[in-house]
Amino acid sequence: MLGPFLVAGLTVVSVIVATDTALAAQIKASYTMVYDRIRPDPQSGVKVTANFDVALNESGGVDEQIKRNAGKSNDRFDSKMKLGGGWRVTAPNQLQRTISQPQSVLVVTITTSGSSCTVHPKWTLKSGFNEFKFKRITDQSWAFFTQPQVTSSTCSIR
């Protein structure tokens with residue numbers, strides 16, 4: 001008998017339409033957030049869009065590409081991992097990515113329904129901190145921000 005975790009994992013992968021023999025699913029999720037930079041150089045209404053391209057392979061591998069942009073500036077992060085390492089199945093039809101940041105934790109939850117999906121990012125401060133420390137897209141230096149507020153999001157599955 002298959003355990004509930006394995007059944008949930010198979011459900012997520014099987015719900016998503018297969019595109020070829022090696023790729024079980026390609027998820028494209030995007031969200032735009034707004035926050036205020038506290039320091040250095042205080043600025044209100046900093047707008048950033050994060051794009052996640054997540055390829056789930058039939059072998060259990062996950063290829064992840066994260067692109068962020070703010071105005072004309074952008075950066076990119078690429079990762080390869082096994083399902084359960086960075087991205088994990090947390091419920092039937094639900095994948096979750098946890099990213100530890102210096103003063104906070106970002107949890108990105110993708111919920112699938114047939115061939116569609118939704119994305120929900122959530123930032124939580126670590127104990128003892130009252131501001132968010134993120135790398136600036138313009139020069140990769142550290143800056144401090146208020147709680148991000150999501151203004152829009154999209155998600156699709158291929």
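Taking Cα centroids, how far is region 46-71 from region 86-158 in Å?
11
Amide H neighbours of E58 under 5 Å, at least 5 residues apart or on other chains, H built in the peptide plane: list them.
L23, A24
For the chain, what does the relative contact order come out to in percent, with C-alpha contacts under 8 Å and a separation of six or more?
It rounds to 27 percent for the chain.
What does the helix-only formula give at 222 nm for the chain: each DSSP H stretch with n ≥ 4 adding -39500 (n - 2.57), the total divided by the residues, and the result rounded to the nearest 500 deg cm²/dmol? Walk me through the numbers on the way to the answer.
On the way: 1 runs with 12 residues, N = 158.
The helix contribution divided over the chain gives -2500 deg cm²/dmol.
Which of the lysines could a cross-linker span from K122 if the Cα-Cα distance has to be under 24 Å and same-chain partners fewer than 8 positions apart are dropped?
K28, K47, K67, K80, K82, K133, K135
Loop-only check: which trypsin sites (Lys or Arg not before Pro) in region 31-125 are DSSP coil with at most 11 other Cβ within 10 angstrom?
In loop regions of region 31-125 (DSSP not H, G, I, E or B), the sparsely surrounded trypsin sites (Lys or Arg not before Pro) are K72.
Could you give the length gained on full extension between S115 and K82, defined as 0.36 nm per residue of separation minus the Cα-Cα distance, in nm?
Computed gain between S115 and K82 is 9.6 nm.
Dipole of the chain, Cα-centred, from +1 at each Lys and Arg C-beta and -1 at each Asp and Glu C-beta, to the nearest 20 debye?
340
Which FRET efficiency value, to the nearest 0.05, do you get for T146 and V107 by plugging their Cβ-Cβ distance into 1/(1 + (r/R0)^6) with R0 = 25 Å?
That pair, T146 with V107, gives E of 0.85.
Helix 4-15: angle to the longest alpha-carbon principal axis of the chain, degrees 0 to 90, nearest 10?
Approximately 90 degrees, to the nearest 10.
Every number here is computed from the coordinates shown, using simple stated rules; none is lab data. Note that the coordinates shown come from a computational prediction; the quantities given were computed from them, not determined experimentally. Neighbour counts are summed over all protein chains in view; Cβ atoms, including those assigned to glycine, are modelled from backbone coordinates with ideal geometry.
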